[in-house]
Amino acid sequence: MDHVERPRRVAVIGGGISGLAAAHRMRELAVAHEIPLVVDLYERGARLGGALETIRREGFVIETGADSFLSEKPAAIKLAERLGLAGEQIATQEQFRKTLVVRDGRLVAIPEGFSLLAPTWLGPLFKSPLFSARGKLRIAIEPLIPRRRRDADESLASFVIRRLGRETLERIAQPLAGGIYTADPATLSIGASLPRFVEMERRYGSVIRGLRAAARARTAELRGTSGARWSLFVSFRGGIETLVRAIAARLEESIHYRARMGAELAALTPTGETPAWRLKFRDGSVAIADAVICAAPSFAIAPLVQPLDRDLAATLADLTYASAATVNLAYRAADFPHAPDAFGFVVPIAEGRRIIAGSFSSLKFAGRAPAAMVLARVFVGGALQTSLMEMDDAAMIAAACAEFSSLLGVTAEPAFGYVRRWPRSMPQYTVGHLARVAEIERMSASIAGFALAGAYLRGVGIPDCIASGERAAEAIFAQLAPAIG
């Protein structure tokens, strides 16, 4: 009678967006199937949301981590709709949708139609001062370069140099694509980070031909649709943490959910009985669960699964992370000799500067700053500039201001500077990453009542993390539902 009388308990380890999505999906499934199920969420920190953190002060909406998500990946849009947030979503201000890149100490616009690694059309490329004449010619002959026949994974650097030349790597691919992952392009897996370009080469024999085919398909799609369409990047009026608060509020409506902050898991032990798991925390407290979803970083999970599966623990422990920091700066619009008119800029490592990129939050999204003010963000650190993370907050703000002075002519002191550090926050998708993930998924699937979720698996973006958490929840629910019903 145990399966009738006692609701099953699922423990979710980690209160970032992956863990929140897993907990929310478990509750959705339990309600939809009218199955008694309790969800306990354990977070080692003092707040939920992980890298989704919004600070509101003096009319500013300050994002200290991720500030938006891709609309092309549906998981985040769909979750927001189920949470009743459709009316809170906002698109980017398209009049500022331009990205600049630093070239010889100056900000230069990336040629129109350039998509991360390659141009769709050659006309804007030939007019751009970003590349030398030799660099432009090397890009132009890309459709003539034979396609790669081997299926083995390769690095972003290898892929770009092979197809488009070293200048493209140094001037565009490294700061743009590498910056997304705060990664070293010499070790970043092209298959795990930018698989669509691999598919373009495979299918069309050329990245440029593939981009042109995609552009034609988009044009045809637009002709056949009507109504509003989302921009590439989407956020919320009240900031990205709106999503976190909405999930937490929805979960808290249920009497079958609880969240515990400051709960660092020390040991995870199978009981061989029902409930199947015993969880011991650093403070000595103990909990039980019928199933566990681990949505913490891989380095935190590895020692916990060591007693369960040494190979799984070793594979998780081998995954590496980079650290980064954001510096939010508030300026008067009048402080800029020339008003900024772009979402932001990226900085090639070849320029030898102390920042990865800069962005203008108040241009990217409306309502991020009071009138006559500009809210900017600077990104520091990453795999190629690890030493810069050793600066204290004052030095980091000073470095960011110095770069703005040099690149944008801003000599005034900002109204405020706010530093947020994210140590070991960015999983590094090194060459062979997808094969390692497949092994992790295979090994973890063999452990009954156990699932993994997180950015270190199949995507670092918000939609990827949501999808990861929801997949884990669905897998666990499929195991528990027959026993409960």
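Pairs meeting the criteria (first residue in segment 219-244 and farther than 24 Å from PHE343 by Cα, second residue at pLDDT 70 or above and crowded, with 17+ Cβ neighbours inside 10 Å, beta carbons under 8 Å, at least 6 apart or on different chains) are VAL244/ILE17; VAL244/LEU20; VAL244/LEU48; VAL244/GLY49; VAL244/LEU52. Return the total of residues in segment 345-389 being small (Gly, Ala, Ser) and under 21 Å from GLU413 (Cβ atoms). Summing the residues that are small (Gly, Ala, Ser) and under 21 Å from GLU413 (Cβ atoms) in segment 345-389 gives 8.
The set of residues in segment 450-485 that are in contact with a helix residue (DSSP H, G or I) (Cβ under 7 Å, 6 or more places away or on another chain), surrounded by fewer than 20 Cβ atoms within 10 Å (Cβ to Cβ) and at pLDDT 95 or above comprises ARG458, GLU474.
When the residues of segment 411-433 are narrowed to those that are of a type in the set (D, E, K, R) and part of a strand (DSSP E or B), which ends up farthest from ALA333 (Cα to Cα)?
Quick first cut of segment 411-433, residues of a type in the set (D, E, K, R) only: 413, 420-421, 424.
If we keep only those that are part of a strand (DSSP E or B) too, we end up with 420-421, 424.
Numbers: ARG420: 24, ARG421: 27, ARG424: 34 Å.
Checking each candidate, the answer is ARG424.
Of the residues making up segment 401-411, none is touching a Gly at 6+ places or on another chain (Cβ under 6 Å) and of a type outside the set (Asp, Glu).
For segment 281-298, does any single residue satisfy the condition of being in a helix (DSSP H, G or I), of a type in the set (Gly, Ala, Ser) and touching a residue at least 12 places away in the same chain (Cβ under 8 Å)? Even if it seems obvious, please write down each step before you answer.
In the first step, residues of segment 281-298 are kept if they are in a helix (DSSP H, G or I); the result is 298.
Checking which are of a type in the set (Gly, Ala, Ser) leaves us with 298.
Checking the rest, the ones that are also touching a residue at least 12 places away in the same chain (Cβ under 8 Å) come to 298.
Yes; the residues of segment 281-298 include at least one that is in a helix (DSSP H, G or I), of a type in the set (Gly, Ala, Ser) and touching a residue at least 12 places away in the same chain (Cβ under 8 Å).
For segment 398-410, the count of residues that are part of a loop (DSSP other than H, G, I, E, B), β-branched (Val, Ile, Thr) and closer than 30 Å to ALA333 by Cβ is nonzero.
Results for (1) more than 30 Å from ALA366 (Cβ to Cβ); (2) surrounded by fewer than 19 Cβ atoms within 10 Å (Cβ to Cβ), shown as yes or no for each residue.
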residue: GLU241; (1), (2): no, no
residue: ALA246; (1), (2): no, no
residue: ARG250; (1), (2): no, yes
residue: GLU253; (1), (2): yes, yes
residue: MET261; (1), (2): yes, yes
residue: PRO270; (1), (2): yes, yes
residue: LYS280; (1), (2): yes, yes
residue: ALA291; (1), (2): yes, no
residue: PHE299; (1), (2): yes, yes
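For segment 16-38, the criterion of being under 30 Å from GLU351 (Cα atoms) and either touching a residue at least 40 places away in the same chain (Cβ under 8 Å) or touching a His at 6+ places or on another chain (Cβ under 9 Å) (or both) is met by none of the residues.
For segment 391-431, enumerate the residues that are among the acidic types (Asp, Glu) and under 17 Å from ILE62 (Cβ atoms).
Step one: filter segment 391-431 for residues among the acidic types (Asp, Glu), giving 392-393, 403, 413.
Result: ASP393, single match.
Any chance segment 284-295 includes a residue that's on the phi > 0 side of the Ramachandran plot and not basic (Lys, Arg)? There is at least one residue in segment 284-295 that is on the phi > 0 side of the Ramachandran plot and not basic (Lys, Arg).
In this structure, does ALA366 turn out to be surrounded by fewer than 20 Cβ atoms within 10 Å (Cβ to Cβ), among the aliphatic types (A, V, I, L, M), under 26 Å from ARG237 (Cα atoms) and not assigned by TED's automatic domain parsing to the domain that holds ILE17? Walk me through it before giving the result.
Values: surrounded by fewer than 20 Cβ atoms within 10 Å (Cβ to Cβ): yes; among the aliphatic types (A, V, I, L, M): yes; under 26 Å from ARG237 (Cα atoms): yes; not assigned by TED's automatic domain parsing to the domain that holds ILE17: yes.
So ALA366 fits the description; yes.
The residues in segment 155-175 that are farther than 15 Å from VAL460 by Cβ and either of a type in the set (S, T, N, Q) or under 23 Å from the mean Cα position of the chain (by Cα) (or both) can be counted, and the count is 13. Of the residues making up segment 80-117, those that are part of a strand (DSSP E or B) and closer than 24 Å to ILE355 by Cα are THR99, LEU100, VAL101, VAL102, ARG103, ARG106, LEU107, VAL108, ALA109, PHE114, SER115.
Of all residues in segment 228-269, those that are outside the structural domain of LEU304 (by TED's automatic domain parsing) and more than 24 Å from the chain's Cα centre (by Cα) total 1. Restricting the search to segment 304-333, which residues are surrounded by fewer than 22 Cβ atoms within 10 Å (Cβ to Cβ), under 26 Å from GLY179 (Cβ atoms) and hydroxyl-bearing (Ser, Thr, Tyr)? THR320, TYR321, SER323, listed by residue number. Does segment 440-451 contain any residue that is of a type in the set (A, V, I, L, M, F, W, C), in a helix (DSSP H, G or I) and without any contact (Cβ under 8 Å) to a residue 60 or more places away in the chain? Yes, segment 440-451 contains at least one residue that is of a type in the set (A, V, I, L, M, F, W, C), in a helix (DSSP H, G or I) and without any contact (Cβ under 8 Å) to a residue 60 or more places away in the chain. Residues of segment 35-44 include none that is in a helix (DSSP H, G or I) and either surrounded by 17 or more Cβ atoms within 10 Å (Cβ to Cβ) or not assigned by TED's automatic domain parsing to the domain that holds ARG6 (or both).
The condition of being touching a Cys at 6+ places or on another chain (Cβ under 8 Å) and either surrounded by 18 or more Cβ atoms within 10 Å (Cβ to Cβ) or at pLDDT 95 or above (or both) holds for only one of ILE17, ILE90, ILE110, that being ILE17.
Are any of the residues in segment 100-119 β-branched (Val, Ile, Thr), farther than 11 Å from ARG171 by Cβ and not assigned by TED's automatic domain parsing to the domain that holds ALA342? If you could, list the steps in order and put the result at the bottom.
Taking segment 100-119 as the starting set, the residues that turn out to be β-branched (Val, Ile, Thr) are 101-102, 108, 110.
If we keep only those that are farther than 11 Å from ARG171 by Cβ too, we end up with none.
Taking every residue of segment 100-119 in turn, none turns out to be β-branched (Val, Ile, Thr), farther than 11 Å from ARG171 by Cβ and not assigned by TED's automatic domain parsing to the domain that holds ALA342.
The values are calculated or read from the model by the stated rules, or taken from the named source; none is laboratory data. Note that this is a predicted model, so its numbers are computed, not measured. For neighbour counting, all protein chains shown are included, and Cβ atoms are generated from backbone atoms with ideal geometry for every residue, glycine included.
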